[in-house]
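Read-outs throughout are calculated quantities, based only on the coordinates presented, and are distinct from any laboratory measurement. Given the structure is predicted, the values throughout are model-derived calculations rather than measurements. Reconstructed Cβ throughout: ideal geometry from the backbone, glycine too, with neighbour counts over all protein chains shown.
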Amino acid sequence: MPSISVPVEILPVIDPPHATHPLGSQARVLLTSVFGPYAQDDQYGSRAINPMELYHNQVTRAQGPFSLRMFHRTWGLMLIQANIHAPCTLLDFPTLERFVEELRSNRYDVVGISSIIPNLLKVKKMCELVRRYQPQATIVVGGHIANVPDLHQRIDADYIVKGEGVRWFRTFLGEDPDQPIRHPRINSGIGTRNMGVSVADKPEEVAAALIPSVGCPMGCNFCSTSAMFGGKGKFIDFYKTGDELFDVMCQLEQAMRVSSFFVMDENFLLHRKRALRLMELMEQNDKSWALHVFSSANVLRSYTMDQLVSLGISWVWMGLEGKDSQYGKLHGTDAFALVRELQSHGIRVLGSTIIGLENHTPENIDEVIDYAVRYDTDFHQFMLYTPIPGTPLHAELTAQGRMKDESEYDIADIHGQYILNYRHPHIPEGLEAELILRAFRRDFEVNGPSIARIVRTTLAGWLRYKDHPDPRIRRRFAWEARALPTTYAAALAAMKLYYRRDPAMRAKMSEILRGLHSEFGWKARVTAAIGGPYVLWKLRREEKRLAAGWTYEPPTFYEVNEYVNSQVAASVFRAERSFPVTPRIIPRLSGSYGTGDSRDAAPHPLGRRLAQPAAQAPGAPPRPAPIDRAGGAVLA
Ligand code: B12
Ligand code: SF4
């Protein structure tokens, strides 16, 4: 059991007048993410190849109209807003103009900005704007950007906060930092779209994001999320026990009418005791929830398939060891066999492979890519090997003089899809952008659209478990399979038509469609016959739009917590109210932060990335109001 400290560092970059804000919980707080639009090249560091979209950015990037389009909110800010007693407004995904409007329209005592490193220039600009329009406000900058060593010299902020933000804000506002953590209601995906079809906005179709912990005790040397929360042996639990977590999930289930959870936890199954207790409670209380998790392969292996199924694991994001990888972390686990086994139980796999490891060369890279493609996971993420400030790997390469100087690149381009930020021993400068694209393309050419792959896996799960003796298990698989005879049959029929001149791919699509026909009979046949041509038409239309340069941007969200009085909330731009759930089970030990069990853990190469159900739909309260893109105003 690792010893755990609370890895929150408070770094005042100017001497604060007080250790806490003089107004305490009376201080008016604005929390904001960096401004968009994101999917374009501009002087603030937006990049067309770095959209604010998980899948299209780094998973289905080369899948054209088959790419899964979806946005995710800034969960860290939502968590902070839910857990302070000060009146707090959250502006998520503003435009620059909307951010300025907010500063001109409402007075704030504290402005908190969340960012990652590639968005540094935006933070700089935002700090300047706060100084201009709200000189009285204290500027606090947090999130992964805080790991830039000389950040205080690059931006004009009062505080740069490394690590967990709820505790920092509570302390700063003079509140008890050890109160239980309230959980915001978060729709895990927003604006889902695939093959030119937008997914319906039904609350019961949406997964709730669940944040049990942050950090990962495995402390892989390149892992910025582990480093962010203390590194090796350290992490922070918001909900320490299975009982606490179960309570929060029940409340989210009721409030949001969800039956699935996207579990935003670096290595959820690593906390074995908590996960198994949750499973027990799900069994006792007849909960057939579906869980989407991150996990390393050998942690998955430490559970039996019955346990995984009972716990509702239906989607796994896992790092895949590359051929002859320097990260030998799967520890003898046959990852190919594991992926197949998981898929045969209906568990969809998002595999993650790193390109640009030290042993990769222009000569062996095709072998590396082919190896990754052979996994035939439902989705495949490829990322460039990128030592990030704050990680041991970055420190090591800096000491060896192998990190590139910042004058050699633009920091906005270090997002993992374009430039290596260190001197690679074999890959010539500039080749990496092509290599990573080659990997995405190869995976798509060989394995086809991810949407077809998840149909294949979901069908396998349904066939295996539809007659399971436990009705709780049967119910979950029926829920997972609900769209197979309808939406997915139409989608497969469209794909078959789309690939009519590609015999291999057409055969692949035909086989999956045959599976649907044989299982669901006339219903699937009729939907395929009628819906297929319609979806094909949508697909082609989307293909044309994308070819013409169409991009997607997230809507702006504008939300206030319960301490903002309603007059303020209604003024100028009307805001939505956010409604977190409050834990009813209070931890026995004082404090919400604690230890976990990492005995059977081993790291995965790129583990902490986001998993997401494919058929995600927007919806469920608190719902974003209509968007006025020009001003970004949210008028409920
Ligand atoms: C969800 C997510 C996304 C979402 C959306 C995020 C958003 N709305 O901004 C999507 C999928 C769009 C995305 C995109 C990208 N992401 Co991303 N993403 C994540 C992910 C998986 C989860 C973040 C999260 O919600 N965590 C849970 C919350 C509770 O934790 P948190 O965000 O860290 O917040 C806590 C603290 O950081 C702190 N805090 C945060 N903000 C603030 C602000 C203040 C004022 C204070 C005081 C404290 C504070 O308090 C919070 C509560 O404890 C992380 C990995 C991870 N596990 O964290 C990567 C991660 C943040 N992403 C990363 C990257 C690189 C990207 C991309 C560049 C694409 C890419 N190639 O991966 C793009 C950038 C898009 C763009 N144009 O800006 C890196 C950042 C690396 C770095 N050091 O800068 C991470 C760490 C993944 C990784 N290890 O590579 N991402
Ligand atoms: S890469 Fe995965 S296993 Fe390693 S520290 Fe990060 S989250 Fe943990």
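A few notes on this one:
- Of 122/202; 122/234; 508/538; 122/240; 124/162; 122/162, pairs whose Cα-Cα distance is over 24 Å: 122/202; 122/234; 122/240
- Put simply, the amide H of residue 560, placed in the peptide plane, has neighbours under 5 Å in 90, 576, 577, 578, leaving out anything fewer than 5 places away on its chain.
- Packing, as the average of other Cβ atoms within 10 Å across residues, places the peptides 435-448, 127-140 in the order 435-448, 127-140, highest first.
- Long-range tail of P(r) for the chain (Cα pairs > 48 Å, %): 9
- Gained length - residue 105 relative to residue 441, 0.36 nm times residue gap less alpha-carbon distance: 116.2 nm
- Near the amide H of residue 422, within less than 5 Å, lie the amide hydrogens of 404, all on another chain or at least 5 residues away, with H placed in the peptide plane.
- Region 459-547: relative contact order as a whole-number percent, Cα under 8 Å and 6+ apart: 32
- Cysteines, the chain, no other Cys beta-carbon under 4.7 Å: 88, 127, 216, 250
- Student exercise, the chain dipole from Lys, Arg, Asp, Glu Cβ charges, in Debye to nearest 20: 1920
- Computed extension gain for residue 584 through residue 409, at 0.36 nm per residue and net of the alpha carbon distance, reaches 58.0 nm.
- Share, in percent, of DSSP beta bridges within the chain that are antiparallel, nearest 5: 30
- Each of residue 285 and residue 434 was given a label point 7 Å from its Cα along the Cα-to-Cβ line. The distance between the two points is 5.6 nm.
- Helix 522-547 and the long axis of the chain differ in direction by around 50°, with both axes built from C-alpha atoms.
- Relative contact order of the chain, pairs being alpha-carbon contacts under 8 Å that are 6 or more residues apart, as %: 22
- Counting only DSSP H runs of at least 4 residues, each contributing -39500 (n - 2.57), and dividing by the residue count of the chain, the helix-based mean residue ellipticity at 222 nm comes to -10500 deg cm²/dmol.
- Relative to the dominant Cα principal axis of the chain, helix 272-284 is inclined by about 70°.
- Its Cα gyration tensor gives region 177-276 an equivalent ellipsoid. The semi-axes, each the square root of 5 times an eigenvalue, are 27, 19, 11 Å from largest down.
- Region 459-547 has equivalent-ellipsoid semi-axes of 28, 14, 11 Å, by the square roots of 5 times the alpha carbon gyration tensor eigenvalues, sorted largest first.
- Degrees, to the nearest 10: 96-105 long Cα axis against longest axis of the chain: 40
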